[in-house]
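This report concerns only the one structure given below.
The values are calculated or read from the model by the stated rules, or taken from the named source; none is laboratory data. Computed from a predicted structure; not experimentally measured. Here the Cβ positions follow ideal geometry from the backbone for every residue, glycine too, while neighbour counts run over all protein chains shown.
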Amino acid sequence: MLQENAGTLLPQDVLDSWKKLDTSAARFRRLSAQVSKAAGRWDLRLLRQRLAELAGLAEDAKAAAEAADAALAAWSAESLSSTVAAYAADLERAAAQLRLPLQGVFPDYEVFPLKLSLDLPGEQATISRRKTTTLEPLSLMREVQARHQALHRSTFNAKRFMKALTAAHRLQSDAGRAIGMDVSLTAIYEVLTMRTGPGDYTKSEFAFDIYRLRRESDMVYDHKQLSFLNGRSGNIPVPNAKGGTDALGILRLAEVEGDA
């Protein structure tokens, strides 16, 4: 069935052609079921009647499909700026309906830590490097919701992340890029993405790992207390336990007794 709010994006002639195709498909399914039932009962008279009706309906369905294809081929989403604005509004309403913390403006959004980018000319969207051809607003936001929930349910290894952070901190300190026990998170991030590049581990994903570390750990590793602090510049927004956002730009290590 067609989505009720699809008309915001698609012009009426496209929707009308699809409705005809929907009707033909529904009738085809009903007749097909009757054919199977008649064949099972060896009801040859009914079988011939329904097969004849199916043959005629197949021609109707073909014509409806060709009309829908022609209507869609004659239309391009990016050329209708007013329609795109309405589509963006529908996308934001869909996010609100699913209670997703959608931020940004069309065509680039974020549902932390996921990045959502719309490419209507290319007839696709990208959800943090994963492409999808689903464009209907509510269906698209459900895909985002599924990814978002999977991330929050995924296993997080706090000790491994702290090991990587302290190693990156040590490298930057040895290179003279530390002020006392403080190293900028931008410098830490550069070390963590040195091999793979930022494309495989975005700053939003880095921020999400910091968020989980602060939420799930006492942040003590190898006799060192890890602290994330505000910096003068280059701060990364990270959600906090109170539902707000902290601007963090520095990783500080301080010696402590014992090991967590």
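A few comments on the model shown:
- Members of the range 69-89 found to be over 25 Å from the mean Cα position of the chain (by Cα), hydrophobic (A, V, I, L, M, F, W, C) and at pLDDT 75 or above, listed by number: 70
- All positions within the range 4-38 that are modelled with pLDDT of 80 or more and farther than 30 Å from residue 86 by Cβ: 27, 28, 29, 30, 31, 32, 33, 34, 35, 36, 37
- Residue in the range 141-152 that is in the same structural domain as residue 245 (by TED's automatic domain parsing) and of a type in the set (Val, Ile, Thr) present: no
- Within the range 92-138, the set of residues being at pLDDT below 90 and small (Gly, Ala, Ser) comprises 122, 128.
- Screening residue 97 with (1) in contact with a Ser or Thr (Cβ under 6 Å, 6 or more places away or on another chain); (2) more than 26 Å from residue 203 (Cβ to Cβ) gives one miss only, at (1).
- Count - residues of the range 184-224 that are more than 24 Å from the chain's Cα centre (by Cα) and either over 15 Å from residue 168 (Cα atoms) or outside the structural domain of residue 238 (by TED's automatic domain parsing) (or both): 7
- Criterion (exposed (fewer than 11 other Cβ atoms within 10 Å of the Cβ), more than 23 Å from residue 201 (Cβ to Cβ) and not hydrophobic (A, V, I, L, M, F, W, C)) met by exactly one of 155, 133: 133
- Condition check for residue 179: in contact with a helix residue (DSSP H, G or I) (Cβ under 8 Å, 6 or more places away or on another chain) and β-branched (Val, Ile, Thr): no
- Selection from the range 187-233 of residues that are over 16 Å from residue 253 (Cα atoms), polar (S, T, N, Q) and touching a residue at least 24 places away in the same chain (Cβ under 8 Å): 202, 204
- Exclusive hit being surrounded by 13 or more Cβ atoms within 10 Å (Cβ to Cβ), not in a helix (DSSP H, G or I) and not aliphatic (A, V, I, L, M), set 206, 228, 161: 228
- Qualifying residue in the range 192-210 (condition: touching a Pro at 6+ places or on another chain (Cβ under 6 Å) and of a type in the set (Asp, Glu)): yes
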